[in-house]
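Undergrad: Pasting in a structure now, in structure tokens, and then I'll have a few things to ask.
The values are calculated or read from the model by the stated rules, or taken from the named source; none is laboratory data. In this text the structure is predicted, and so the values were computed from the model without any measurement. As a convention, Cβ positions derive from the backbone with ideal geometry for all residues, glycine included, and neighbour counts pool all protein chains shown. For the accessible areas, the whole protein counts, side chains as well, though only heavy atoms, and no ligand, DNA or RNA atoms are used. Shrake-Rupley method; radii C 1.70, N 1.55, O 1.52, S 1.80 Å.
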Amino acid sequence: MTMSPGWYLRRLSRMGPREVGGRVGDAVRRRRWRSAPPQGPSVAGARFTAVLPAGTIAAVPPDAAKRLVAEADRLMDGHAEFFGVDRDDLAAPDWWSDPRTGRRAPSGYAFDVPYRNEDAVGDIKQIWEPSRHQYLTVLAAAYAITGNERYAERVAEHLRSWWAANPPLRGVHWISGIELGIRLLSWVWIRRLLDGWPGAAGLFEGNPVALNQIWHHQRWLAAFPSRGSSANNHVIAEAAGQFAAACAFGWFPSSACWRAGALRSLERHLRGNTFPSGLNRELATEYHGLVLELGLAALAEADAADVPVPATVRLVLLRMTDALAAVVDNRLRPPRQGDADDGHGLVVDGAGTDRWASLLATGNAVFGRLPWWPAATGTDVRTPLLAALLRPYGTNGTVTRPASRPVHFPDAGMSILRAGEEIWCRCDGGPHGFLSIAAHGHADALSVEVRHDGVDVLADPGTFCYHGQPEWRRYFRSTLGHNTLELDGADQSVSGGPFLWIRHARSRVLVADTSDPTVVRWCAEHDGYQPSVHRRRVELTAASRELRIVDEVHGPGGTVRLAFHLGPAIAAELTGRRAVLTWTRDGEERSAVLDLPGQLSWQAHRGESEPPLGWYSAGFGRKEPATTLVGTGFADGAQGFTTVLGFRG
């Protein structure tokens, strides 16, 4: 995917003068660095002191340690899976190769590499992901737990290979700040987890190549921060990685300056990226998880180095954790909203570890769980490691936390309706996305997401891809790709590119009434179809286990398509305007009936590609067929389209 001149003009139109000026300065600096790259200082006498407290490893639960070692052994055999692609080359990786397309990224000055062009570079996500070195943190953790030096030796071999293949400012791994930030965080934890290995000092502080790499990573991040309309989760990763490195690897003349600057950026952008309610402003749940992981990891480095941090840092992370506890379903699954690319801040666990349970367990250890929090089942490696470094957050009654589980988040426009423990429904009446480009938002205003005992019934289909497959990127971001209403074949918000929205639908919640627990009601509208307005009412009745959705188009009206995307576990038999839904959960047959608006003509779609329709993406790079029910007809005035989902048994 290459960007046209029109895209650059549209992108420029979403920037303010300060951002434009900063980007001009970046361009000048890149030209200067091409001919005269910065030179790192010589370092002597460096020591690593940011070690884990004694007894930390002994606190790792045995089942979590077992999963970790199993994953490490798989990696030692060269096997890993990245974004749906099974790889068997991790024993000796080619750092610039994309196994999905078979292409290899070109060499040369980093800022000349056309990384968005899959024909020239390959799938950049496939190339970048192993070089975050999070699989090496897994191997380093396996060494810390077992003491088996073969894990440490493999880590050292791969780091030396990467440093040799990727000298500063050369190639694809020096293009994106988020990659550099996460890589630095990985290196900090690799050094910490290898501390008992005799070769650790010689690999890091005693190695001029490593010192040069660490210095250049931090110098790059200081020079090219994400700016303005791009200051989303990327800038959090940049600041967290630089801060962690400046704390743990504080061996350079600029370390104190970098540490102070990164902390200022981290504090500012954690606040800026988070609603007061604690939900992430990108309205993309996986980035809520990424930012929370990065924030906790950065805070752990501050506490380990005895660096004071503003009180707002802990407060934002506390609110993010409480918000996460509030929105998960009874199986600890949060909403599937907006973009998701499987990004993690710190990985030290094996396959099968529940990310969200892990975050809640860490939150419990640091902030203390509230009585209404769901029980965080399962165990992980990361929680005891972070908890050993993080200071417990004693608020002394100065911070007010929710006395009961929040249902409605007015600033984010999100409401979670529940009927008992099993029926969970997310209603979306919030902003389109974050900042002027809303990069990770989807055209999903007024969409609903419904689960029964953790199973997707009316599902958010997910993300699937970012670069290289524009027709799939458009579909998974589209209005038709969500459980909402499309008018006259148009998305509610107008896209200007794969991470750019040039007009945002504005939503507002009119009713969010949970005063009667037997019947909860929600109503919202958006103006994305000007001059028409789409209004939706949702009512969930506990006694009848029934969800009623009424859609109205106020204004001139037009041709509508109303979509309901079923989860991949759901089988559907559509007869006229009634769909009988069946699925299995824990060996038990479950069912529901979906009565659809009679004014529309209904058709089931599954696994169609031209154009895409009827798909579910469980994770980045992965998709599978799933049934989508689409009703087509005409909206005349404020005529209502009523849908009723009734759960049996």
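Undergrad: Does E610 fit the bill of being modelled with pLDDT under 95, on the phi < 0 side of the Ramachandran plot and not small (G, A, S)? Spell out the reasoning first.
TA: Values: modelled with pLDDT under 95: yes; on the phi < 0 side of the Ramachandran plot: yes; not small (G, A, S): yes.
Yes.
Undergrad: With the structure loaded, tell me whether L294 is under 14 Å from the mean Cα position of the chain (by Cα) and either of a type outside the set (G, A, S) or more than 28 Å from F464 (Cβ to Cβ) (or both) or whether it fails that test. Step through it out loud before you land on a result.
TA: Details: under 14 Å from the mean Cα position of the chain (by Cα): yes; either of a type outside the set (G, A, S) or more than 28 Å from F464 (Cβ to Cβ) (or both): yes.
Yes, satisfied.
Undergrad: Let me ask something else about it. Which residues, taken from the stretch 100-115, are surrounded by fewer than 18 Cβ atoms within 10 Å (Cβ to Cβ) and in a loop (DSSP other than H, G, I, E, B)?
TA: Taking the stretch 100-115 first, the residues surrounded by fewer than 18 Cβ atoms within 10 Å (Cβ to Cβ) are 101-102, 104, 106-109, 111-112, 114.
Residues satisfying the conditions are T101, G102, P106, S107, G108, P114.
Undergrad: Right, next: Please go through the stretch 483-508 and pick out each residue that is open to solvent by 10 Å² or more (accessible area, probe 1.4 Å), of a type outside the set (G, A, S) and more than 28 Å from T632 (Cβ to Cβ).
TA: Residue satisfying the conditions is F499 alone.
Undergrad: Going by what's in this entry, would E539 be described as more than 29 Å from the chain's Cα centre (by Cα) and either basic (K, R) or closer than 19 Å to G640 by Cβ (or both)? Full working, then the answer.
TA: Numbers: more than 29 Å from the chain's Cα centre (by Cα): yes; either basic (K, R) or closer than 19 Å to G640 by Cβ (or both): yes.
Yes; evaluated as a whole, the condition is true for this residue.
Undergrad: Regarding the stretch 14-35, can at least one residue be identified that is acidic (D, E) and closer than 30 Å to L386 by Cα?
TA: Going residue by residue through the stretch 14-35, those that are acidic (D, E) are 19, 26.
Imposing the further condition that a residue be closer than 30 Å to L386 by Cα reduces the set to none.
Taking every residue of the stretch 14-35 in turn, none turns out to be acidic (D, E) and closer than 30 Å to L386 by Cα.
Undergrad: Of these, L645, L566, which one is more than 28 Å from R355 (Cβ to Cβ) and either more than 33 Å from the chain's Cα centre (by Cα) or of a type outside the set (D, E) (or both)? Steps first, please.
TA: Details: L566 fails: more than 28 Å from R355 (Cβ to Cβ).
Just a single option satisfies the conditions, and that option is L645.
Undergrad: Now for a different question. Could you say whether any residue in the stretch 44-51 is open to solvent by less than 30 Å² (accessible area, probe 1.4 Å), part of a helix (DSSP H, G or I) and either in contact with a Leu (Cβ under 8 Å, 6 or more places away or on another chain) or more than 30 Å from L193 (Cα to Cα) (or both)? Explain how you work it out, then say what you get.
TA: Kept after step one, since they are open to solvent by less than 30 Å² (accessible area, probe 1.4 Å), are these residues of the stretch 44-51: 46, 48, 50.
Add one more test, that the residue is part of a helix (DSSP H, G or I), and what stays is none.
The answer is no, given that none of the residues of the stretch 44-51 is open to solvent by less than 30 Å² (accessible area, probe 1.4 Å), part of a helix (DSSP H, G or I) and either in contact with a Leu (Cβ under 8 Å, 6 or more places away or on another chain) or more than 30 Å from L193 (Cα to Cα) (or both).
Undergrad: Report, by residue number, each residue of the stretch 457-469 that is more than 19 Å from the chain's Cα centre (by Cα) and either buried (at least 24 other Cβ atoms within 10 Å of the Cβ) or among the acidic types (D, E) (or both).
TA: Filtering the stretch 457-469 down to residues more than 19 Å from the chain's Cα centre (by Cα) leaves 457-458, 468-469.
Within the stretch 457-469, V457, L458 qualify.
Undergrad: How many residues does the stretch 43-59 hold that are more than 33 Å from the chain's Cα centre (by Cα) and in contact (Cβ under 8 Å) with a residue 60 or more places away in the chain?
TA: 3
Undergrad: Also, I was wondering about something else. Please verify whether R271 is charged (D, E, K, R), farther than 22 Å from A141 by Cα, modelled with pLDDT under 95 and open to solvent by 20 Å² or more (accessible area, probe 1.4 Å), treating the condition exactly as stated. Walk me through how you get there before you give the answer.
TA: Details: charged (D, E, K, R): yes; farther than 22 Å from A141 by Cα: yes; modelled with pLDDT under 95: no; open to solvent by 20 Å² or more (accessible area, probe 1.4 Å): yes.
No, not satisfied.
Undergrad: Out of the residues in the stretch 422-442 that are closer than 15 Å to A524 by Cα and assigned to a loop (DSSP other than H, G, I, E, B), state the one that is most open to solvent (accessible area, probe 1.4 Å).
TA: P431
Undergrad: Can you go through V291, V309, V316, V348 and tell me which one is without any contact (Cβ under 8 Å) to a residue 60 or more places away in the chain, in contact with a Leu (Cβ under 8 Å, 6 or more places away or on another chain) and not in a helix (DSSP H, G or I)? Walk me through it before giving the result.
TA: On the way: V291 fails: not in a helix (DSSP H, G or I); V316 fails: not in a helix (DSSP H, G or I); V348 fails: without any contact (Cβ under 8 Å) to a residue 60 or more places away in the chain.
Every option except V309 fails the conditions.
Undergrad: Residues being part of a strand (DSSP E or B) and either closer than 30 Å to T362 by Cα or over 24 Å from the mean Cα position of the chain (by Cα) (or both): count how many of those fall in the stretch 86-99.
TA: Step one: filter the stretch 86-99 for residues part of a strand (DSSP E or B), giving 86-87, 97.
Now narrow it down to the ones that are either closer than 30 Å to T362 by Cα or over 24 Å from the mean Cα position of the chain (by Cα) (or both): 97.
Residues meeting the conditions: 1.
Undergrad: Within the stretch 508-527, can one find any residue that is modelled with pLDDT of 95 or more, in a loop (DSSP other than H, G, I, E, B) and of a type in the set (D, E)?
TA: Yes, there is a match, as at least one residue in the stretch 508-527 is modelled with pLDDT of 95 or more, in a loop (DSSP other than H, G, I, E, B) and of a type in the set (D, E).
Undergrad: Which one is nearest to G621 (Cα to Cα) among residues in the stretch 117-148 that are open to solvent by 10 Å² or more (accessible area, probe 1.4 Å) and among the hydrophobic types (A, V, I, L, M, F, W, C)?
TA: So, considering only residues that are open to solvent by 10 Å² or more (accessible area, probe 1.4 Å) and among the hydrophobic types (A, V, I, L, M, F, W, C), the one nearest to G621 (Cα to Cα) is W128.
Undergrad: Could you please give the count of residues in the stretch 575-611 that are in a strand (DSSP E or B) and either surrounded by 15 or more Cβ atoms within 10 Å (Cβ to Cβ) or not basic (K, R) (or both)? Steps first, please.
TA: Filtering the stretch 575-611 for residues in a strand (DSSP E or B) gives 575, 578-585, 588-595, 601-606, 608-609.
Narrowing further to those that are either surrounded by 15 or more Cβ atoms within 10 Å (Cβ to Cβ) or not basic (K, R) (or both): 575, 579-584, 588-595, 601-605, 608-609.
Here the count works out to 22.
Undergrad: Just need a number here: residues in the stretch 52-90 that are under 30 Å from D119 (Cα atoms), of a type in the set (A, V, I, L, M) and modelled with pLDDT of 95 or more.
TA: 2
Undergrad: Mind telling me which of the residues A375, A388, A403, A365 ends up being within 17 Å of L299 (Cβ to Cβ) and either without any contact (Cβ under 8 Å) to a residue 40 or more places away in the chain or open to solvent by 50 Å² or more (accessible area, probe 1.4 Å) (or both)? Spell out the reasoning first.
TA: Working: A375 fails: within 17 Å of L299 (Cβ to Cβ); A388 fails: either without any contact (Cβ under 8 Å) to a residue 40 or more places away in the chain or open to solvent by 50 Å² or more (accessible area, probe 1.4 Å) (or both); A403 fails: within 17 Å of L299 (Cβ to Cβ).
One residue alone meets the criteria, A365.
Undergrad: Tell me, yes or no, whether the stretch 375-385 has at least one residue that is at pLDDT 95 or above, polar (S, T, N, Q) and more than 16 Å from the chain's Cα centre (by Cα).
TA: Of all residues in the stretch 375-385, those at pLDDT 95 or above come to 380-385.
Pick out the ones that are also polar (S, T, N, Q) and you get 383.
Filter once more, so that each one left must be more than 16 Å from the chain's Cα centre (by Cα): 383.
So far as the stretch 375-385 goes, yes, one or more of its residues are at pLDDT 95 or above, polar (S, T, N, Q) and more than 16 Å from the chain's Cα centre (by Cα).
Undergrad: Can you find even one residue in the stretch 405-424 that is within 21 Å of R314 (Cα to Cα) and either among the hydrophobic types (A, V, I, L, M, F, W, C) or modelled with pLDDT under 95 (or both)? Spell out the reasoning first.
TA: Start the filter on the stretch 405-424 by keeping residues that are within 21 Å of R314 (Cα to Cα), which leaves 405-406, 409, 411-412.
Of the ones still in play, those that are also either among the hydrophobic types (A, V, I, L, M, F, W, C) or modelled with pLDDT under 95 (or both) are 409, 412.
Among the residues of the stretch 405-424, at least one is within 21 Å of R314 (Cα to Cα) and either among the hydrophobic types (A, V, I, L, M, F, W, C) or modelled with pLDDT under 95 (or both), which makes the answer yes.
Undergrad: Moving on. Kindly establish whether E552 is in contact (Cβ under 8 Å) with a residue 12 or more places away in the chain, part of a strand (DSSP E or B), on the phi < 0 side of the Ramachandran plot and in contact with a strand residue (DSSP E or B) (Cβ under 6 Å, 6 or more places away or on another chain). Walk me through it before giving the result.
TA: Values: in contact (Cβ under 8 Å) with a residue 12 or more places away in the chain: yes; part of a strand (DSSP E or B): yes; on the phi < 0 side of the Ramachandran plot: yes; in contact with a strand residue (DSSP E or B) (Cβ under 6 Å, 6 or more places away or on another chain): yes.
Against the criterion (in contact (Cβ under 8 Å) with a residue 12 or more places away in the chain, part of a strand (DSSP E or B), on the phi < 0 side of the Ramachandran plot and in contact with a strand residue (DSSP E or B) (Cβ under 6 Å, 6 or more places away or on another chain)), E552 qualifies.
Undergrad: Checking the condition free of Cβ contacts under 8 Å to residues at least 60 places away in the same chain, in a helix (DSSP H, G or I) and within 18 Å of V69 (Cα to Cα), which residue from I127, I190, I145, I214 passes? So that I can check it myself, show each step before the final result.
TA: Values: I127 fails: within 18 Å of V69 (Cα to Cα); I145 fails: free of Cβ contacts under 8 Å to residues at least 60 places away in the same chain; I214 fails: within 18 Å of V69 (Cα to Cα).
Only one candidate passes the filter, namely I190.
Undergrad: Still on this structure, please answer the following. Hey, can you tell me all the residues within the stretch 64-82 that are assigned to a loop (DSSP other than H, G, I, E, B) and either farther than 17 Å from A92 by Cβ or open to solvent by 20 Å² or more (accessible area, probe 1.4 Å) (or both)? Lay out the reasoning, then the answer.
TA: Initially, the stretch 64-82 is screened for residues assigned to a loop (DSSP other than H, G, I, E, B), giving 77-79.
If the condition is that a residue be assigned to a loop (DSSP other than H, G, I, E, B) and either farther than 17 Å from A92 by Cβ or open to solvent by 20 Å² or more (accessible area, probe 1.4 Å) (or both), then D77, H79 are the ones that fit.
Undergrad: OK, next. Pick from the stretch 1-43 the residues that are assigned to a helix (DSSP H, G or I), farther than 22 Å from R170 by Cβ and hydroxyl-bearing (S, T, Y): which of them is most open to solvent (accessible area, probe 1.4 Å)? Let's see the steps before the verdict.
TA: First pass over the stretch 1-43, keeping only residues assigned to a helix (DSSP H, G or I): 5-13, 17-35.
With farther than 22 Å from R170 by Cβ added as a condition, the list becomes 5-13, 17-25.
Then drop every residue that is not hydroxyl-bearing (S, T, Y), which leaves 8, 13.
Working: Y8: 124, S13: 79 Å².
Checked the stretch 1-43; the qualifying residue most open to solvent (accessible area, probe 1.4 Å) is Y8.
Undergrad: Got at least one residue in the stretch 485-502 being of a type in the set (V, I, T) and assigned to a strand (DSSP E or B)? It would help to see each step written out before you state the result.
TA: So the first thing to find is which residues in the stretch 485-502 are of a type in the set (V, I, T), and the list is 494, 502.
With the extra rule that they be assigned to a strand (DSSP E or B), the set shrinks to 494, 502.
Yes: one or more hits.
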